[in-house]
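Any read-out appearing in this document is the output of simple, stated calculations on the displayed coordinates, not a laboratory observation. The structure presented is a predicted model; accordingly, all values stated were derived computationally and were not measured. As a convention, Cβ positions derive from the backbone with ideal geometry for all residues, glycine included, and neighbour counts pool all protein chains shown.
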2 protein chains.
Amino acid sequence: MPSISLKGVAMPASPIRKLVPFAEAAKKRGIKIYHLNIGQPDVETPQIMLDAIKNYAPKVVEYSHSAGNESYRRKLVGYYAGYNINLTHEDMIITCGGSEAIEIALMTCLNEGDELIIPEPFYANYNGFSTQAGVKVVPVTSSIDNGFALPAIAEFEKKITARTKAIMICNPGNPTGYLYNKEELEQLRDLVVKHDLYLLSDEVYREFCYEKPYCSVMQLSGADDNMILIDSVSKRYSACGARIGALITKNKEVIAAAMKFAQARLSPPSFGQVAAEAAIDTPQSYFDNVKAEYIARRNVVVQRLNAMPGVKCPNPTGAFYCIAELPITDCDHFCQWLLESFQHNNETLMLAPASGFYSNPAVDGKNQVRIAYVLNIPDLNKAMDCLEEALKQYKN
Amino acid sequence: MPSISLKGVAMPASPIRKLVPFAEAAKKRGIKIYHLNIGQPDVETPQIMLDAIKNYAPKVVEYSHSAGNESYRRKLVGYYAGYNINLTHEDMIITCGGSEAIEIALMTCLNEGDELIIPEPFYANYNGFSTQAGVKVVPVTSSIDNGFALPAIAEFEKKITARTKAIMICNPGNPTGYLYNKEELEQLRDLVVKHDLYLLSDEVYREFCYEKPYCSVMQLSGADDNMILIDSVSKRYSACGARIGALITKNKEVIAAAMKFAQARLSPPSFGQVAAEAAIDTPQSYFDNVKAEYIARRNVVVQRLNAMPGVKCPNPTGAFYCIAELPITDCDHFCQWLLESFQHNNETLMLAPASGFYSNPAVDGKNQVRIAYVLNIPDLNKAMDCLEEALKQYKN
């Protein structure tokens, strides 16, 4: 039998999905599970987006332009202008989700063996995409004690080598919920300019900024050629299945090279593009409601967590995740135990072990979990009841 | 400014799309262009598929399973059984078009620097996907004189080295229109078993087999672990924009490793999966009509071509392409000239230079073009009128 590739062996299994078999077994035992483990929101997709699909009546479902429908890209120019990000439709390549935008960006910008610095904890699949691209992830660890703020620039400087080619951030952050401020982003801008690096900024949670203002790397001046924006409609419109994202940069060389990868795979999904183009007209009231709901959910979760003995959870100001430190020593064991061996009134909860959000899961984040507050408040309260009881019963 | 990657530089531009600016300029001058350059059929997408999208009314457009909706995969088992291909739903990963299936297959099975043997001329984007994966394409050249039949196995044997990891075929073939018979596939089967290689078989034109019977590598016995099927609904249902393909293999190790790549990118498009699942119930009459139409188109094109002085075109028995040899020495120049400098009754035609379907476009296929017979017969005749006149006027 022919062997699989080294990358096939090295690819990490999804830390978020690897507990699924234990959850399925629990469900078969009749246990109700509160899913706080994945970023699949319960928020309804805007009707305007679903109507666009209902009214889409092509004779032939054709390939689109490899960069995405021009009408969609032109309309996105207006969407970004609303966030003070000035673009033309030629600065964008529409992709199959934010995932493909990251894949293409890494292939376009980094060579095999190049280094990508990422503040950790970070979105677990960055490990997978880096493995795919043959890129080495170099973490700079942020701390729960300051809410996962940007580590000191000196810490980044220490990690820069001749192979460093890019820095990647997620803002607002999955899994931390931390929203970088303008000063932090300017420090990163100065750093990438100084060392001639790319700054890949994953801003798919832009619509979920609470209390503090959103700032994009694309708003900063003097580094247009360094900045690459990763975007997606998945969370914005609760339309994860549409698989529509974007790779955006004013760097013409990057766009030209990225287009060759985009042309090889022909085009992004046509149905999703039709839906995403219509979604740009979603009324502001939709976002206001969603945001108010997430703030209320966050407040419940953070208050409940911090009221539990030995639990610490900084207040996130963006996205819909938080990282909590628990009085445990092995989050992987704890999260599996919740599904395999625990129930409270025939219910339990599913969490994402935070270890998977660090570049060295065997060592880091072992006493942390990521909680996605994507359920309604009554369910979140019941999930917190379960967690409170579980921490009383659990023996490390 | 940071430099782009070596792969970004090495990625080939699409040979099919690179003439687009010249076509756009011709259109601006008022010239009508017959597009025989791309495999975008004019055939209508089955109504059952469009209706499924109209009736799809989710509250939330959620991620699907990373391997694709289980209901879709289970229904595909029945589709493949109709072709005597016996599978379970766990042998399949649904992908974003056949393109992503190839990308994942190459990353899963081949290491950087490994060699992939492909009979040429081959689908141009195999070059791009191989560049992405860091894989070296090793061609075995087939001949127009026998209609691009499988080259002698001895020719493959000559090219096998310690780095050879896989052979890739397209059956029926784009761009050749050649349909491999069972004996040819058995020879390949024996070869991959002997040398412990994978056989990647791209069979996305399965529904377009004329006169001769379709045979799949998945029907052959004794090599389950070597066989990887690449599939797509793009051509089958004239639904290229749905972006739904599949990676299929009975090799459990390959599926397990491929799933890690599939999980990293989360899921294939939800809308497209709903459409593709419904499309399995497309009535046989749809395919009968489409097939009859393509046979009639092929007959017109092949007859017209072979009646032109100095033109040779073998009769394709599959897909909807043919390769014609023309009395020219530089197909890239000729195809550009057709758009830039030629018109006949204010019309011209766009062809794909065949050089791009060879691994060394600077040397091979220079007197060949690929013709996609994807237009109605009156238009095909007018396009052939243009070509006939063009060949009279063109000076090499």
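Things to note:
- For region B:102-185, a Kirkwood hydrodynamic radius built from all Cα pairs, placed in the Stokes-Einstein relation at 10 °C and 1.306 mPa s, yields a translational diffusion coefficient of 120 µm²/s.
- Here region A:57-279 has an Rg and Dmax of 16.8, 58 Å, counting Cα atoms alone.
- Distribution of pairwise C-alpha distances over region A:343-396, 5 Å bins, in %: 4, 18, 22, 22, 17, 12, 4, 0
- Taken along its principal axes, the alpha carbon cloud of region B:306-396 reaches lengths of 36, 32, 21 Å, longest axis first.
- The orientation-averaged shadow of the Cα convex hull for region B:33-151, equal to a quarter of the hull surface, comes to 11.8 nm².
- Using a Förster distance of 41 Å, the FRET efficiency for A:ASP385-B:ARG74 (Cβ separation, nearest 0.05): 0.65
- Above-threshold pairs, the threshold being 21 Å between Cα atoms, out of B:LYS312/B:LYS392; B:LYS312/B:LYS382; B:LYS28/B:LYS366; A:LYS182/A:LYS312; A:LYS312/A:LYS392; B:LYS312/B:LYS366: B:LYS28/B:LYS366; A:LYS182/A:LYS312
- Peptide-level mean, for A:48-61, of C-beta atoms on other protein chains within 10 Å: 5
- Pairwise Cα separations in region B:171-258 fall into 5 Å bins from 0 onward with the following percentages, short to long: 3, 14, 22, 24, 18, 13, 5, 1.
- For the protein assembly as shown, the Cα-based Rg and Dmax, in that order, read 27.0, 89 Å.
- Rounded to the nearest 20 debye, dipole of region B:57-279 from Cβ charges on Lys, Arg, Asp, Glu: 500
- Value of D in µm² per second that Stokes-Einstein yields for region B:223-330, Kirkwood Rh from Cα pairs, at 37 °C (0.692 mPa s): 188
- Residue mean of other protein chain beta carbons inside 10 Å, A:254-260: 5
- Charge dipole of chain A about the Cα centre (unit charges at C-beta), most positive-ward option of A:PRO316, A:LEU76, A:ALA390: A:ALA390
- Amide hydrogen neighbours beyond the local backbone of A:PHE148, cut-off 5 Å, H modeled: A:SER143
- Per-residue average of Cβ from other chains inside 10 Å of B:10-18: 4
- For chain B, built as a Gaussian network whose Cα springs stay under 10 Å, the top-fluctuating residue of B:GLY98, B:GLY318, B:GLY310: B:GLY310
- Antiparallel DSSP beta bridges within the protein assembly as shown, as percent of all bridges there, nearest 5: 45
- Residues whose placed amide H lies under 5 Å from that of B:TYR198, excluding near-sequence neighbours: B:ALA166, B:ILE167
- Its Kirkwood hydrodynamic radius, worked out from the mean inverse distance over all distinct Cα pairs, puts region A:10-77 at 16.9 Å.
- Across the options B:ASN381, B:ALA262, B:PHE342, the greatest Cα extent toward the positive end of the charge dipole of chain B (unit charges at beta carbon of Lys, Arg, Asp, Glu) belongs to B:PHE342.
- Per-residue Cβ neighbour rank within 10 angstrom, fewest leading, A:LEU199, B:LEU220: B:LEU220, A:LEU199
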